[in-house]
Structures are given as structure tokens and as C-alpha cells.
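The structure is given below, and queries will be raised subsequently.
The numbers here are math on the coordinates, done by the rules we state, and not lab data. Note that the structure is predicted; figures quoted are calculated from it, not measured. Note: ideal-geometry Cβ built from the backbone for every residue, glycine included; neighbour counts use all protein chains shown.
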Amino acid sequence: MIAIAPRQQINWDWRAAGNFVFGGTGTGLVAMIASAVLFGASYPSDAILVGLGFVGAGLFLVLLEIGRPWRFMNVFRHPHTSWMSREAIAAVLFFGTGGIAWLLALEPMIIAAAIFGLIFLLCQAKMLQASKGIPTWREGAIVPLIAATGLVEGAGLLVLLSIVLTGSVQYWLANTLLDLLVLRTIVVLFYAWRLRGPRSPLVVKPGLRRAVWMAAGLGGIVPVLLLLAPPELQQASLLPIAAGIALGTGWGLKYTIVCRLGAMQGFAIKHTPARGGAAPGTSSKPGWSGWL
């Protein structure tokens, strides 16, 4: 029974998780910069380059993971069927528009880069959902979860960059981070609720509980309370702490999803065979808390 019970996939390791971590952070950061443009607010111009660097770092980790890195161009061959191909195309457009936006300070190109970045983020989420043999990845709630986490990370990183590069954080950005944290907490709880009981293998239950406590407890309630403090306390010390927690727990959540919750489906028997005219035996689904 051990051979057919769900077990953690080994094809994607920390390098694949790093692509989701850095890719979501970089695209989320550029999306927040585009929000600043739409609000007519100022932003650190070098933050665009930071966003491009994060996405580039994530893709570099993927390059380290593939067995024949010199054949990476093959990833562009199947955009009609592969979310990974679509992710690669979106990345090229993201780097092109983002690079022009940084070099020439063209606000329309920032908006374009944010759009391609959000498409890139969607492709990452859909890659997970397309893994039909892994129950925790194929769950539909994984798509808004990955999207919301990337936006939270981008807002948190922009807060930290604003403090370092300009010495202050604008009111709209702190409020945006607060709203996104509430949204991510709701989506995390909904994702966990969808995987309750017999909907996910027993082997992922401990990791799922840790993910909920990390993202909805430490990464949700704690920074929300910090952001609800008086503005003078936020600017002094609480805002960077809240942003750091939001960023770090987002990274931890995505690492957990890829490297701890990626248990394969396993196999099930609807009924055990019986000889002659005897009644068939009971069903069996090893490693699950319930039957199909």
C-alpha cells in the first residue's frame, strides 16, 4: 500500500519554488508601481529595475533546474497547449516593456509592463493548476492564491524600497498593502477549506496547517494589526515590520506549496476482487482520510 499512497513529487524542488517566489514578487512590484502611476503618486524609479531583477532571478533558477539548459528555447514552441510556454512569452514582453520603462521613464510602458507581468503571474498560477495529478495544485483556489500572494509581496517590497530610497511611504501604498493582506488571508482560508477532510491526502495535512498559520496568522492578522496602528507609529517602525512580514510569509507560503504540499494523487481501488460468486470487498484509497 505504501507504493500506491500519495507521496511528495520530486521533479520540482527549491529552484522551481524560487521561480514562483521571485517571479511573483517582481511582477507584483511592477504592478504596484503601475498603480502609483495611475494614482498620480511618486515612486522610486529604480524599483522597476528591482522588479525586473527579481523575475530574472526566478527564471535563472529554472534554468539551473532543467537537465539540458542549452535547449531552453524549446519552451517557446507550444504556447497553444503549455502554460509554461505562455509564461516564457509573457516574460520576454515583460522584460522588453519594463526595460524601456526604466531607461526612458515612459509611464505608458510601465502600464504595459505591469499588464505583461500580471499575465506572467497568471501563467505561473495556471501551471500549478494544470498539474492534475497533484490534488493541492489542481484546486481552483490556487489561482487567486498565487495572484494575491504576488501582489502582497510586490506591495510589501515597494514599501521597503520607498523607505530605503525616499525615507517615507505614501498613504495609498500602506492602505493598498492592508487591503491586499486581508484579501490574501481570505483566499488562504478558502484554499484550506477547499482541501479539508477527504479532499486532500493525509501526507499534506501538517504542511497545509502550517501554511494556514503562516499566511493567515503570522502573515495576515499580525501585519494587519500593525497597519491599523496610528500613522505616526507606522512610519516610525511598524510599517516596515508589517511589510517585511507580508513579504517573508508570502515567500514561505509558495515554498511550502511547491516543496511540501505537492503530493501526487496515488491510486485507489473501488472494490477488492473476489473469487467466484462472492461479494466484492471494500474500497481502498491508501493515504487519504476518506474514499473518492
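Can you find, among ALA279, ILE163, GLY117, the residue sitting farthest towards the positive end of the charge dipole of the chain, where Lys and Arg contribute +1 and Asp and Glu -1 at Cβ?
Result: ALA279.
Using the count of nearby Cβ atoms within 10 Å as a rough guide to exposure, how do GLU153, GLU139, GLU107 rank from fewest to most?
Placing the least packed residue first, the sequence is GLU107, GLU139, GLU153.
Turning to a different aspect of this structure: Step through the residues of region 37-45 one at a time and calculate ³J(HN,Hα) from phi using the Karplus curve (6.51 cos²θ - 1.76 cosθ + 1.60, θ = phi - 60°), rounding each to whole Hz and writing x for Gly and Pro.
Once θ is set to phi - 60°, the couplings for region 37-45 become 4, 5, 7, x, 9, 7, 7, x, 4 Hz.
Using amide H atoms built in the peptide plane, which far-off residues or other-chain residues are under 5 Å from ALA263 H to H?
GLN9, THR136
Among THR249, ASN175, ALA47, flag the residue with its Cα farthest along the positive direction of the charge dipole of region 14-259, charges on Cβ as +1 for Lys/Arg and -1 for Asp/Glu.
Of the options given, the answer is THR249.
Turning to a different aspect of this structure: 5 Å is the cut-off here: which amide hydrogens, built 1.01 Å from N in the peptide plane, fall below it relative to TRP288, excluding neighbours closer than 5 in sequence?
Result for TRP288 returns LEU202.
What are the trypsin sites (Lys or Arg not before Pro) within region 172-267 that DSSP puts in a loop, where the Cβ has at most 11 other Cβ atoms within 10 Å?
Working: sites: ARG184, ARG194, ARG196, ARG199, ARG209, ARG210, LYS254, ARG260; in loops: ARG196, ARG260.
Loop-located and lightly packed - ARG196.
What fraction of the Cα pairs in region 14-259, stated in percent, has a spacing above 21 angstrom?
The answer is 56 percent, as a whole percent.
What ³J(HN,Hα) values, in whole Hz, does the Karplus curve 6.51 cos²θ - 1.76 cosθ + 1.60 give for region 174-181 when θ = phi - 60°, with x put for Gly and Pro?
Values per residue, Gly and Pro as x: 4, 5, 5, 4, 4, 5, 5, 5 Hz.
Test of understanding: ordering TYR255, TYR191, TYR43, TYR171 by Cβ neighbours within 10 Å, fewest first, what list do you get?
TYR171, TYR255, TYR43, TYR191
Pairs of Cα atoms under 8 Å, at least six residues apart: use those to get the relative contact order of the chain, whole percent.
Values: 472 pairs, mean separation 74.0, N = 292.
Once normalised by length, the contact order is 25 percent.
Which whole-Hz ³J(HN,Hα) couplings does region 257-267 yield from phi under the Karplus relation 6.51 cos²θ - 1.76 cosθ + 1.60, θ = phi - 60°, glycine and proline marked x?
In residue order, the calculated couplings are 4, 7, 9, 10, 10, x, 7, 6, 4, x, 10 Hz.
Could you please rank PHE20, PHE116, placing first whichever residue has the fewest other Cβ atoms within 10 Å of its Cβ?
PHE116, PHE20
Suppose a student asked you for the relative contact order of region 1-148, using Cα pairs under 8 Å spaced at least 6 residues apart; what percent would you report?
Reported as a whole number, the value is 24 percent.
Further question on the same structure: From the helices alone, meaning DSSP H stretches of at least four residues, give me the mean residue ellipticity at 222 nm for the chain, per-run term -39500 (n - 2.57), in deg cm²/dmol to the nearest 500.
Only helices count here, giving -20500 deg cm²/dmol.
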